[in-house]
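Chemist: Can you keep this structure in mind? I'll have questions shortly.
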Amino acid sequence: MAPLTPRREFLTSSVKAGLGLYISSGILSSCASTARVTGTIPSKLITGFAQQPLPYAYNALNEAIDAQTMEIHYTKHAASYATNLNDAAKAEGVDTTKPLEDVLRKVSKYSTKMRNNGGGHYNHELFWKCMAPQHAEKPTGGLASAIDSSFGSFDTFKTQYTDAGKNRFGSGWAWLYVDGDKRLRIGSTPNQDNPLMDVAEFKGFPLLGLDVWEHAYYLRYQNKRPDYINNWWKVVNWNYVSDRYQSFI
């Protein structure tokens, strides 16, 4: 091959430099976006490794979820996630005095057991708090304004969120979350994944999570997931969701 002329050498170097700058800028932009999402979480929103007491009686949400389902869900399914998470943490040398969020942000570095049970524990700890026997029908204040800004109206948001849960193939979750630009988004993850994880298809800070695994509704609703979701809206704790939003942004 003939040697490059000075002009060709200059052009080649310029292209390489420009490409390198472009790639570096993309990486920096991505890192900056991730940093905005996974920055410091207020202490009151941090999740630990231990299962916390259910904030109401098993029958308190009977309007949407029967007592037997709630008891089995909390004492069997969710309790197993907490137990298995701590087993995985011990085996993998994770400091369980630190926030679980720290693990989820880099969960790709850990085992599948850590991912499944860390996500399962985090998701359920949030899920219980996102519901309450006494609640407002819809959000107010800053969260209400943000929902209108992001989705056009509360009804439009509710329809899109319902679809995210209803159309999740197999088991998983529907989410309302804050993205890296502090905008509200809706998404759905499989299994026990959530938007905090570095392996998630979308990333952000979860505000509202809906469990659409069959064990969350099957005793009352059988295969009628849409009926479960429609009734679930009756017990959403908008005060808590709003507090998460205001505390994080």
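The values are calculated or read from the model by the stated rules, or taken from the named source; none is laboratory data. Keep in mind the model is a prediction, meaning the values are calculated, not measured. Neighbour counts are summed over all protein chains in view; Cβ atoms, including those assigned to glycine, are modelled from backbone coordinates with ideal geometry.
Chemist: Might you let me know whether the range 38-51 holds any residue that is closer than 28 Å to Ser247 by Cβ, assigned to a helix (DSSP H, G or I) and among the basic types (Lys, Arg)?
Modeler: Within the range 38-51, the subset closer than 28 Å to Ser247 by Cβ is 38-51.
Still in the running and assigned to a helix (DSSP H, G or I): 43-45.
Then drop every residue that is not among the basic types (Lys, Arg), which leaves 44.
Yes, the range 38-51 contains at least one residue that is closer than 28 Å to Ser247 by Cβ, assigned to a helix (DSSP H, G or I) and among the basic types (Lys, Arg).
Chemist: Something else about it: Please find, within the range 142-193, the residue that is farthest from Asn231 (Cα to Cα) out of those that are among the charged types (D, E, K, R), out of contact with any Gly (no Cβ under 7 Å at 6 or more places or on another chain) and in contact (Cβ under 8 Å) with a residue 24 or more places away in the chain.
Modeler: Asp181
Chemist: Further question on the same structure: Leu208 - would you say it is closer than 21 Å to Gly152 by Cα and of a type in the set (A, V, I, L, M)? Outline the logic, then answer.
Modeler: On the way: closer than 21 Å to Gly152 by Cα: yes; of a type in the set (A, V, I, L, M): yes.
In short, yes.
Chemist: Right, another one. Residues Gln222, Gln192: which one is buried (at least 22 other Cβ atoms within 10 Å of the Cβ) and either at pLDDT 95 or above or within 10 Å of the chain's Cα centre (by Cα) (or both)? Break it down stepwise before answering.
Modeler: On the way: Gln222 fails: buried (at least 22 other Cβ atoms within 10 Å of the Cβ).
None of the others qualify; the one that does is Gln192.
Chemist: Filter the range 174-218 down to residues that are part of a strand (DSSP E or B) and either touching a helix residue (DSSP H, G or I) at 6+ places or on another chain (Cβ under 6 Å) or closer than 24 Å to Thr40 by Cβ (or both), then give me how many there are.
Modeler: Going residue by residue through the range 174-218, those that are part of a strand (DSSP E or B) are 174-178, 184-190, 205-211.
Going one step further and asking which of them are either touching a helix residue (DSSP H, G or I) at 6+ places or on another chain (Cβ under 6 Å) or closer than 24 Å to Thr40 by Cβ (or both), we end up with 174-178, 184-189, 205-211.
Residues meeting the conditions: 18.
Chemist: Further question on the same structure: Looking only at the range 149-178, count how many residues are surrounded by 14 or more Cβ atoms within 10 Å (Cβ to Cβ), over 21 Å from Asn116 (Cα atoms) and not polar (S, T, N, Q).
Modeler: 8
Chemist: Which one of these does Leu85 not meet: (1) on the phi > 0 side of the Ramachandran plot; (2) modelled with pLDDT of 95 or more?
Modeler: (1)
Chemist: Criterion first (surrounded by fewer than 13 Cβ atoms within 10 Å (Cβ to Cβ), more than 29 Å from Tyr217 (Cα to Cα) and either touching a residue at least 60 places away in the same chain (Cβ under 8 Å) or of a type in the set (S, T, N, Q) (or both)) does Thr112 satisfy it?
Modeler: No, not satisfied.
Chemist: If you scan the range 219-249, which residues turn out to be without any contact (Cβ under 8 Å) to a residue 40 or more places away in the chain and assigned to a helix (DSSP H, G or I)? Don't jump to the end; show me each part of the working.
Modeler: First pass over the range 219-249, keeping only residues without any contact (Cβ under 8 Å) to a residue 40 or more places away in the chain: 221-224, 227, 243.
Residues satisfying the conditions are Tyr221, Asp227, Asp243.
Chemist: Moving on. Would you point out the residue of the range 88-101, among those that are surrounded by fewer than 16 Cβ atoms within 10 Å (Cβ to Cβ) and without any contact (Cβ under 8 Å) to a residue 24 or more places away in the chain, that is nearest to Pro42 (Cα to Cα)?
Modeler: This residue is Lys98.
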